[in-house]
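Encoded as structure tokens, the structure appears first; notes follow it.
The values are calculated or read from the model by the stated rules, or taken from the named source; none is laboratory data. What you see is a predicted model, and the numbers here were worked out from it, not measured in a lab. Note that each Cβ is placed from the backbone with ideal geometry, even for glycine, and that neighbours are counted across all protein chains shown.
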Amino acid sequence: MQVSKKQLLIFFIIFIVLALQATFLLSENSACAQSLWDKQIGKEELSTAYDQPDTQPRDIREIIVRIIKVFLSFMGLFFTILVIWAGYKWMTAAGNQDRVKEAKDQIAAGAIGIIIIITSVIITDFITYCVLDILEGDMFLCQPP
């Protein structure tokens, strides 16, 4: 299936409109944010506001664990997009068996990737909370002291 210039133009217009809408929704007034932060119940337990400096020193292990979790999140997003793209390729194969086989192989690879990422997140959480006792938090397998 060939993608026409008109379909491509419509896709980019929709993408730009959604991107502008997302930036508009995510931007916030700092005065409004500060007043909302001051109204929060239990804010002492939460930490500091987003734009204010954190006075607590960070442990290098905690920083490394957070970097690993962000990396795994991006990899999970990548494999999810890969599966969606392969599904699109399969739907638009128009009976071409080579393209269908290629799409099935990509879906299998994406599913294996997602399983590996989920397993990595579980192992990272287990090592973080139970073995190294790096972060404080609740986990169903063990309770930090």
With criteria (1) touching a residue at least 12 places away in the same chain (Cβ under 8 Å); (2) aliphatic (A, V, I, L, M); (3) not in a helix (DSSP H, G or I), residue 65 comes up short on (3)
Being surrounded by fewer than 13 Cβ atoms within 10 Å (Cβ to Cβ) and free of Cβ contacts under 8 Å to residues at least 12 places away in the same chain is the filter here; which residues of segment 72-95 pass it?
73, 74, 77, 81, 84, 88, 91, 95
Filter segment 96-143 for residues that are among the small types (Gly, Ala, Ser) and modelled with pLDDT of 85 or more and give the result.
103, 108, 109, 110, 111, 113, 120
Result of the Cβ filter at 6 Å on segment 11-27, keeping first residues that are at positive phi and modelled with pLDDT under 65 and partners that are surrounded by 10 or more Cβ atoms within 10 Å (Cβ to Cβ) and not basic (Lys, Arg), at least 6 apart or interchain, is none
Determine which member of the set 109, 103 is of a type in the set (Gly, Ala, Ser) and in contact (Cβ under 8 Å) with a residue 24 or more places away in the chain.
109
